[in-house]
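The values are calculated or read from the model by the stated rules, or taken from the named source; none is laboratory data. Model, not experiment: these values are computed from the prediction. As a convention, Cβ positions derive from the backbone with ideal geometry for all residues, glycine included, and neighbour counts pool all protein chains shown. In case anyone asks, the SASA skips ligands and DNA or RNA and just uses the protein heavy atoms, side chains included. Shrake-Rupley method; radii C 1.70, N 1.55, O 1.52, S 1.80 Å.
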Amino acid sequence: MSFRFQIEARDDKARAGRLFTPHGEVQTPVFMPVGTVGTVKGVPQDTLEELGVQILLNNTYHLYLRPGVAMVRQLGGVQRFMSWDHPILTDSGGFQVFSLSDLRKVTEEGVTFRSHLDGSSHFFSPESAIAAQIGLGADIIMAFDECTEHPAEYARTQASMEMTLRWAARSKKYFEEHKHEVPWFNDPALAKRRLERGTRPGTNDQTQTLFGIVQGGMFPDLRRESARRTVELDFLGYAIGGLSVGEPRPMTHEMVDAAIRFLPEDKPRYLMGVGTPEEIVHYVAQGVDMMDCVLPTRAARHGLLFTSEGRVTIKNARYAGDESPLDPNCGCKVCVRYSRAYLRHLYASNELLAQALNTVHNLAYYLDTMRRVRQAIQLGEFANFLSGFRAPR
Ligand SMILES: [Zn+2]
């Protein structure tokens, strides 16, 4: 297989492990920064490598609209296009179609939507969304799902969940028939680089891996049903989607718990679109292996910084003369070099560097948190870590 998941340590429900993909290894639990249009806004790829980022998320919807799937395919796939020789995951485009675009029309066949860029009309079906993701060439791709709106009635949520299951089966069928069309299919150079990095070479075809997505809204029985029947379709990994959409946090935890009990122990579990630093630590405690969120990068661009001593709103006048580092417990290159006073000045002056530096620190904080989480699981001290984790306020 060109994809493997290996669990190396368990502590209660939390797991520490490793994903093996065609473009490299990922240590789990992992937080995946969001590189919407093929860039983590304001941060060059070499800086992401210095931060220890092992896998990025790209949005299919955005890359499909610009520069287009055919162009990315022609340029060798998204890793080569953005000069990121490491794993990438793409979402299915479903979430953006449902949240960003205008005038969408959903039928059993798929979704008609208008581009938020120029108003042009487009159509995504399970088949065309998978075709787009094969053309982009991420290592891990997602089944096309309907992200049920919140709040939604039981009958509406159930019907939506049933359609997502039918779309998952269609996604998988199309993927199995076309997975050899990925731009880097069985590329010998890729296999050689993997070998040089010490990853066991695959014995089968070197291609992408498709994950299924559990839906079911805010109803535990629908979450269970969706998990059970998505697993029957037999994917190599499972995502939990449609959460962190405005519901109270205890409900998110309840839905994650309802679904995760029915997901196989030996497959990676990916909770989509979450959360704050304190939240991601708790999802790991529930047995989640992978997460992504725009929060650290988006908040950074708005001057909201996560630190070991709490949240810092850098525009506040109180930092104007503050020579101390942003976070005295952070070893990132921003905290080592610059003062709060300087970061505050950059932000107040609307300088480009403010966005870049703020993003680097917030990502460093998230990644460092996940490193400590992994270490605590490996030492069997995760319960201690959880109770001592100082959540930023
Ligand atoms: Zn820092």
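Quick look at the values:
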item	result
About the Cα centre, charge dipole magnitude for the range 52-117 (Lys/Arg +1, Asp/Glu -1 at Cβ), debye	200
The chain: antiparallel DSSP beta bridges as a percent of all, rounded to 5	55
By accessible area with a 1.4 Å probe, ligands and nucleic acids excluded, highest first: order of V256, V336, V231	V336, V231, V256
Projected area, mean over directions - the range 234-278, Cα convex hull, nm²	3.6
Disulfide-incompatible cysteines by the Cβ rule (no partner under 4.7 Å) in the chain	C147, C293, C332
Size of charge dipole - the chain - debye, nearest 20, with Cβ of Lys, Arg +1 and Asp, Glu -1, no other charges	620
Probe 1.4 Å, all protein chains present, accessible-area order of Y365, Y154, largest first	Y154, Y365
Kirkwood Rh and Cα Rg combined as Rg over Rh, evaluated for the range 264-393	1.02
Burial ranking of peptide ranges 206-213, 186-193 (average Cβ count within 10 Å, highest at the top)	206-213, 186-193
In Hz, Karplus ³J(HN,Hα) per residue of the range 249-262 (6.51, -1.76, 1.60; θ = phi - 60°; x = Gly, Pro)	4, x, 5, 4, 4, 5, 5, 4, 5, 4, 6, 5, 4, 9
Highest-MSF residue in the chain out of G217, G241, G303 [GNM, Cα springs under 10 Å]	G303
Cβ crowding within 10 Å averaged over residues, with 48-54, 273-279, 60-66 ranked highest first	60-66, 273-279, 48-54
Out-of-range pairs (alpha-carbon distance over 30 Å; input K179/K267; K105/K173; K192/K267; K13/K192)	K13/K192
Set of lysines near K41 by C-alpha distance (under 25 Å), chain-local residues within fewer than 8 positions excluded	K315, K333
For the range 20-123, radius of gyration divided by Kirkwood radius, i.e. Rg to Rh on alpha-carbons	1.01
Radius of gyration, Dmax [the chain; alpha carbons; angstrom]	20.6, 62
GNM result for the chain, Cα springs below 10 Å: residue of E254, E232, E309 fluctuating most strongly	E232
Highest-first arrangement of 132-144, 79-91, where packing means the average Cβ count within 10 Å	132-144, 79-91
Dipole axis of the range 151-194 (+1 Lys, Arg; -1 Asp, Glu on Cβ), positive-most option in A168, H178, A189	A189
